[in-house]
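Have a look at the structure below, then the notes.
The values are calculated or read from the model by the stated rules, or taken from the named source; none is laboratory data. The structure presented is a predicted model; accordingly, all values stated were derived computationally and were not measured. Using ideal geometry, Cβ is built from the backbone for each residue, glycine included, and neighbour counts are taken over all protein chains shown.
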Amino acid sequence: MTDREAIGLLKGLLSRYSPSGGEEEAVGFLAGRLSRWGLATQVDEVGNLIASWGEPPARPDLLLLGHIDTVPGHIRVRKEGERLYGRGAVDAKGALCAFSCALIRCRKAGVVLVAAVGEEAEGVGAKHILPRFRPKMAIIGEPSGWQGITLGYKGRLVVDWLLELPANHSASPGASALEQAFVFGRRISLLSRRLSRGKERAFERLDVAPRHIFFSSDGLRDRVELGLTLRLPPGLAVEALKGEIRKAADGATVSFRGGERAYVAPKNTPLVRVFLQAIRAEGGRPRFKLKTGTSDMNVVGPAWGCPILAYGPGDSALDHTPDEHIPLPEFLRSIRVLERALKDLPGGTR
């Protein structure tokens, strides 16, 4: 596979808009292209694409796990200079295409590639493959920059707060449902500050981000829905945190989604060492990263218990933004790093 063909694969995948729940066209495109290069492909019951040289083993030497879905928001696919724009260029079709190209180039046996559907960390894709595969090593396809190796992700807890009250006049003395939503948000902000006191690194702090607030009224009753996303540091007692949040809700209805715990992979593993060597061989200066978001590593890392890391081209600061793009020289360099790493890991070639 040439560099031009690799860029063509990425451009073609970006051109298939695939927000979570609408990945079928992108899966079909990638399956067709990988099949042309000789890989055996199959689509499982939930829509994940699985590819390998020959029948995928249940215990592969290495599992490459990327996700083919994106957040909503169409971005016109275009090349400007050395940059390729498109929804998913960074998060995370760039990494998925780099995985595919490296696997095609080195023809590595014993490796399984999974293009998972559904939003990472909570989607059905990664959770569906948990019982099917038990890899000896795993790489998660997420943007780290071609010189970066991501070893950890914070956890996540989504809080949904709901309150209905009889409608009242703005001059009435009692707090309205909307006012109480703001009070609740303030309480959770103060709670996060208290639990983060003395923590200097962002990875160690409990972060709170408001995601939405909806107000509706039929003239008789007012209804307010507030959504918060909490990013959880390692070691935080999730059930105790939920208890604090229920107390802060002060009678309003509160429910929880997510609940993924933070996960940090060990640094001293054969997989990490191979990547360090591969990045240096390409002229890079490797660096380790801990991310404040979540990824499929939060799901599969604890379950598989194998050496694991996340790797992929692109700047994660561009995730979910209207300016999402990937520098093509970085994309091509990441393929070469992956190709070197695959060749140096245990297993044969076809």
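Results, tabulated for the structure shown:
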read-out: Counted residues, segment 127-147 - those being under 15 Å from the mean Cα position of the chain (by Cα) and farther than 15 Å from residue 302 by Cβ; value: 6
read-out: Pairs, first closer than 14 Å to residue 190 by Cα in segment 205-224, second part of a strand (DSSP E or B) and charged (D, E, K, R), C-beta under 9 Å, six or more apart; value: 205/231; 206/231; 207/231; 208/231; 209/231
read-out: Given (1) touching a strand residue (DSSP E or B) at 6+ places or on another chain (Cβ under 9 Å); (2) hydrophobic (A, V, I, L, M, F, W, C); (3) over 20 Å from residue 142 (Cβ atoms), number of the condition residue 99 does not satisfy; value: (3)
read-out: Test result for residue 35, out of contact with any Lys or Arg (no Cβ under 6 Å at 6 or more places or on another chain), surrounded by fewer than 24 Cβ atoms within 10 Å (Cβ to Cβ) and not in a loop (DSSP other than H, G, I, E, B); value: yes
read-out: Tally, over segment 220-234, of residues that are buried (at least 22 other Cβ atoms within 10 Å of the Cβ) and out of contact with any Gly (no Cβ under 8 Å at 6 or more places or on another chain); value: 2
read-out: Hits in segment 135-168 - residues which are among the small types (Gly, Ala, Ser) and touching a Cys at 6+ places or on another chain (Cβ under 8 Å); value: 138
read-out: Residue 30 touching a residue at least 60 places away in the same chain (Cβ under 8 Å), out of contact with any Cys (no Cβ under 8 Å at 6 or more places or on another chain) and either assigned by TED's automatic domain parsing to the domain that holds residue 129 or assigned to a loop (DSSP other than H, G, I, E, B) (or both); value: yes
read-out: Boolean, residue 266 is surrounded by fewer than 19 Cβ atoms within 10 Å (Cβ to Cβ) and touching a residue at least 12 places away in the same chain (Cβ under 8 Å); value: yes
read-out: Qualifying residue in segment 275-284 (condition: without any contact (Cβ under 8 Å) to a residue 12 or more places away in the chain, under 16 Å from residue 205 (Cβ atoms) and not polar (S, T, N, Q)); value: no
read-out: Checklist (1) without any contact (Cβ under 8 Å) to a residue 40 or more places away in the chain; (2) under 30 Å from residue 308 (Cβ atoms) applied to residue 241, failing item; value: (1)
read-out: Single residue of segment 82-133 satisfying the filter (of a type in the set (Asp, Glu) and crowded, with 21+ Cβ neighbours inside 10 Å) that is farthest from residue 55 (Cα to Cα); value: 91
read-out: Residue 70 being exposed (fewer than 14 other Cβ atoms within 10 Å of the Cβ), without any contact (Cβ under 8 Å) to a residue 60 or more places away in the chain and of a type in the set (Val, Ile, Thr); value: no
read-out: Out of 223, 187, 231, sole residue that is at pLDDT below 95 and among the basic types (Lys, Arg); value: 223
read-out: Hits in segment 189-219 (condition: in a loop (DSSP other than H, G, I, E, B) and exposed (fewer than 15 other Cβ atoms within 10 Å of the Cβ)); value: 197, 198, 199, 200, 201, 218, 219
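Yes or no, residue by residue, for (1) under 18 Å from residue 293 (Cβ atoms); (2) touching a strand residue (DSSP E or B) at 6+ places or on another chain (Cβ under 8 Å):
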site: 143; (1), (2): yes, no
site: 149; (1), (2): yes, yes
site: 155; (1), (2): yes, yes
site: 166; (1), (2): no, yes
site: 179; (1), (2): no, no
site: 183; (1), (2): no, no
site: 186; (1), (2): no, no
site: 229; (1), (2): yes, yes
site: 244; (1), (2): no, no
